[in-house]
Structure formats: C-alpha cells, structure tokens
Amino acid sequence: MYLKGLELQGFKSFPDRIKLDFNKGITAVVGPNGSGKSNISDAVRWVLGEKSAKSLRGSKMEDIIFSGTADRKPMGFAEVSLIMDNSDRMLNIDFSEVSVTRKVYRSGESEYLINGKACRQKDILELFMDTGVGKEGYSIIGQGRIDEILSSKSEDRRTLFEEAAGIVKYKTRCNETRNNLEHVQADLVRVK
Ligand code: ATP
C-alpha cells in the first residue's frame, strides 16, 4: 500500500498546517534531536486510532495539541489526515485515493472523517484491519518495538501473525457477536 501524504495542523510541534508528500521510493525524515521527527510517526499512529496517550509520549490526550511557545499561543485543536493510494482497492472503499482524518479539541471532543465525510472511529479501524496498517499493525515498528516483538508474551506475537494472516476483522466480529449473544442470553434469563 502506498502512503501518499500526511497533513498536520496543531499536532504537537506542528502549529501551522503542513503537508508532507511521500514520493515513491524511500522517504527519510532527517533532523537534529528533538526537532519533531518522532512526532510525525506519532501523528500516523494517532490518526490510525491510537488511544493511549502514553504511547504517544504524553500523559493525557490533550498533550498532543500544540501547547505554545514563548512567542506563540497554544492551539485549540489538533488535526491529522493520512492520504493513501487505493488504486488497487486494497482498502475496501470505492475510491482510488483515501484520506482518513482525526481531529481533537481541547474540550476532549473529537471527529473522524473518511474522505471528508464524518464517520465513527470504528469505521477507520475496520477500514485498516488485516492490511497491516492499523495502529497494531506491523507497518510501523517504533523504537524498542523489535525487542517487544521478540520477547513479549506469546499472545502479543500471535496478534501480529493474525494481522498478517488477515483474520483480525473476523475475530473482532466474532467477539462482538459473542458479546451480543451473551447480552441476549442475560435478557432471556431476566424475562423468564
Ligand atoms: P529524537 O531524535 O531526540 O528522538 P525527534 O526529532 O524525534 O527527537 P520528537 O521527539 O518528535 O523529536 O519531538 C520533540 C519535540 O516536540 C520537543 O521539542 C517538544 O517540545 C515538542 N512537542 C511535543 N509535544 C508538543 C506540544 N504539545 N506542543 C508543542 N511542542 C511539542
């Protein structure tokens, strides 16, 4: 799958709207320590549904919103859009280019969009399931993650293989259905 670009505004060290175009081939982000390189991969994981502030190197979700500098006011929201090429229809949506957007306000309110249309976070998670791109996918290997993959619990390693085998979507639906059946069972017991 070809990652075409990333647009950021108000995300961590990027107050102004910027668009990064990833041309075909290898793209490397180079810069001195603390210049914001890892913030770019944090933005990718965030738009793909990352819920843990800690894994985005903050203590609360609000920490991802530009917090201001000596001569610049903080921002009230952060917005990230990821643009992917979908001419091979790898993503199950009938567009040859797909953009997913996540926006969060300081109030905690958030918005998700697929190709500019409001959607639920669940829709974005489902779109990327079994493609290896999701936040749990293996396409983003962060600092220290190799160690984790090699040495973590067997269940964690299994998740990685399941994503590669393309069965996560079915497992998730199976678990949802099982939960629904349990609720219905509980309702039946109450009715009896
Ligand atoms: P290293 O090479 O040391 O890993 P890096 O280039 O990957 O560094 P990052 O860790 O991505 O850099 O960026 C850190 C910078 O982002 C710091 O200067 C920090 O002040 C800034 N930063 C992080 N969150 C925010 C925020 N909410 N508002 C403003 N700046 C932020």
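Filtering the stretch 71-83 to residues that are closer than 24 Å to S41 by Cβ, over 13 Å from the mean Cα position of the chain (by Cα) and not small (G, A, S) leaves R72, P74, M75, F77.
Pairs please, first residue from the stretch 142-162 and more than 16 Å from the ligand (Cβ to nearest atom), second anywhere and in a helix (DSSP H, G or I) and modelled with pLDDT of 80 or more, Cβ atoms under 6 Å, 6+ apart in sequence or on different chains. From residues that are more than 16 Å from the ligand (Cβ to nearest atom), the pairs are E162/V168. When the stretch 8-48 is limited to residues that are closer than 24 Å to S96 by Cβ, outside any loop (DSSP other than H, G, I, E, B) and within 14 Å of the chain's Cα centre (by Cα), the one that is nearest to the ligand (Cβ to nearest atom) turns out to be A43. Based on this model, can you work out whether K4 counts as on the phi > 0 side of the Ramachandran plot, of a type in the set (D, E, K, R) and in contact (Cβ under 8 Å) with a residue 24 or more places away in the chain? Considered against the rule, which asks whether it is on the phi > 0 side of the Ramachandran plot, of a type in the set (D, E, K, R) and in contact (Cβ under 8 Å) with a residue 24 or more places away in the chain, K4 comes out as no. Checked against (1) more than 16 Å from the ligand (Cβ to nearest atom); (2) farther than 24 Å from Q121 by Cβ; (3) β-branched (V, I, T), I83 passes all but condition (2). Go through the residues of the stretch 86-98 one by one and say whether even a single one is within 13 Å of the ligand (Cβ to nearest atom), over 27 Å from L160 (Cβ atoms) and of a type in the set (S, T, Y). No, the stretch 86-98 contains no residue that is within 13 Å of the ligand (Cβ to nearest atom), over 27 Å from L160 (Cβ atoms) and of a type in the set (S, T, Y).
Do you know which residues across the stretch 93-123 are closer than 16 Å to A78 by Cβ, crowded, with 18+ Cβ neighbours inside 10 Å and among the hydrophobic types (A, V, I, L, M, F, W, C)? Once the filter is applied, which keeps residues that are closer than 16 Å to A78 by Cβ, crowded, with 18+ Cβ neighbours inside 10 Å and among the hydrophobic types (A, V, I, L, M, F, W, C), the stretch 93-123 yields V100, V104. Of all residues in the stretch 92-119, those that are of a type in the set (A, V, I, L, M, F, W, C), in contact with a Ser or Thr (Cβ under 8 Å, 6 or more places away or on another chain) and within 19 Å of F22 (Cα to Cα) total 1. Do the conditions hold for I65, that is, is it under 27 Å from A164 (Cα atoms) and either modelled with pLDDT under 90 or more than 14 Å from the chain's Cα centre (by Cα) (or both)? Judged against the criteria, I65 is not a match.
The values are calculated or read from the model by the stated rules, or taken from the named source; none is laboratory data. From a predicted model like this one, the values you see are computed outputs, not experimental measurements. All Cβ positions, even for glycine, are placed from backbone atoms using ideal geometry, and neighbour counts span all protein chains on display.
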